[in-house]
Amino acid sequence: MEFSYAQHETSTTPSTPFGPADPPATVTTTVPREYVHKAALAEVLLTGWHRTGDDAFTAAAQWPRSHSFYRSRHGVHDPMLFTETVRQVSSLLSHAAYTVPFGHHFIWERFSYTTAPGAEALEAGPRPAEIALDIDCRDVVHRRGRLSALTPRFTARRDGVHLGTAEIRFTSHAPAVYRRLRGGYADVAAAQAAAVPVPLPVPAHRVGHKLRENVVLAATRAPRRWQLRVDTTHPVLFDHPVDHVPGALLLEAARQAAHIVAGPLPTMATSMDARFTRFAELDAPCWIDAEREPGTDRVRTVIHQNGQELFTATVGTAPLAALSRLSGAQDRAQPVYAFS
């Protein structure tokens, strides 16, 4: 099934009354939440999509002025909203354009993004940000008539201004295949029940957050090592129950670790190049190590569990104050949001 752009032109009064004023020329809605693997309607960022070629598409998204998790700071949107937008587009196109049935599981192998220099396209203004994305899908693999693997590449704009680029490589697995792959861990309820206790967080301001419940790092005795805080009740990172640590949580851990290492001044994760090599399970602690690459503004992070490396990321950073000056943004002290 392919549902078209979720922005419908109309020349007649819609069935839902708008009151005495004339109806708008267009009516905008979000895509169905099931297509982006979200339980909460409020977490759906996408407003539509359109096919432009055999494996080429455009998509539209709207970023809120503030978000409960990926909050804007110093008048600049959190680039991790770009990460979540890309994740949602990948899921949407898999189901709607490549007809992957609901219930199939997507497993990320790698993910990268780079935002444009400066912060013009990331400025958090008085209105929600309208984002346009061009998507070129490559290395398309089908097995037995079903999509098996895909590499979408994204170019994003905001009001015609280049925002950034991103790329994902992921595989798709039928439920029976996924259960064989996961073995005893495939039972979501059992996996959630076996989750390790959540340790106390580091101070929220050290990782660029205001709320302690949004901190995903806990201190250890080593200065550049943290334990991953896996709170399965978190309404954004665990929007719905899953049998493993979500990829979005691993990306956020890399970002928060980079924020500490690149500090003490507030920073922004201007780029990230991540590799997923193993599942992060809920029943054992995960550990994050981070170090600045000598002579650069990049921070190298590694997450491991039970002595095995499962995730690596190189995070590019820049001081937030400098970015807000470049964009002319003011610190509006707005509150704000982040794979299943």
> How big is the charge dipole of the chain about its Cα centre, in debye rounded to the nearest 20, if each Lys and Arg gets +1 on its Cβ and each Asp and Glu gets -1 on its Cβ?
Replying inline: 720
> Out of 174, 254, 32, whose Cα points farthest toward the positive end of the dipole of the chain (charges: +1 Lys, Arg; -1 Asp, Glu; placed on Cβ)?
Replying inline: 254
> For residue 278, which sequence-distant residues (separation of 5 or more, or a different chain) have an amide H within less than 5 Å of its own amide H, given hydrogens modelled in the peptide plane?
Replying inline: none
>> Using the Cα centre of the range 46-148 as origin and beta-carbon charges of +1 (Lys, Arg) and -1 (Asp, Glu), tell me which of 137, 93, 126 is placed farthest towards the positive end of the dipole.
In response: 93
>> For a protection proxy built on the mean count of beta-carbon atoms within 10 angstrom, sort 177-184, 299-306 highest first, please.
In response: 299-306, 177-184
>> Quick check: the distance between the Cα centres of the range 248-309 and the range 93-126, to the nearest angstrom?
In response: 19
> Carbon and sulfur atoms: what percent of the 1.4 Å accessible area of the chain do they account for?
Replying inline: 52
> Of [x] 1.01; [y] 0.97; [z] 0.94, which is the value of Rg/Rh (Cα atoms, Kirkwood Rh) derived from the coordinates here?
Replying inline: [y]
>> About the Cα centre, and with charges only on the beta carbon of Lys, Arg (+1) and Asp, Glu (-1), how big is the dipole of the range 120-195? Nearest 20 debye, please.
In response: 660
>> Tell me the per residue accessible area of the chain using a 1.4 Å probe; a whole number in Å² is fine.
In response: 46
> Under a point-charge model restricted to the Cβ atoms of Lys and Arg (+1) and Asp and Glu (-1), what is the dipole moment magnitude of the range 139-273 relative to its Cα centre, in debye to the nearest 20?
Replying inline: 260
> Once the Cα gyration tensor of the range 81-129 is diagonalised, what are the square roots of 5 times its eigenvalues, in whole Å and ordered largest first, as equivalent ellipsoid semi-axes?
Replying inline: 28, 14, 8
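The values are calculated or read from the model by the stated rules, or taken from the named source; none is laboratory data. Because the structure is predicted, anything quoted here is derived from the model rather than measured. Ideal geometry is used to build each Cβ from the backbone, glycine not excepted, and the neighbour counts take in all protein chains shown. For the accessible areas, the whole protein counts, side chains as well, though only heavy atoms, and no ligand, DNA or RNA atoms are used. Shrake-Rupley method; radii C 1.70, N 1.55, O 1.52, S 1.80 Å.
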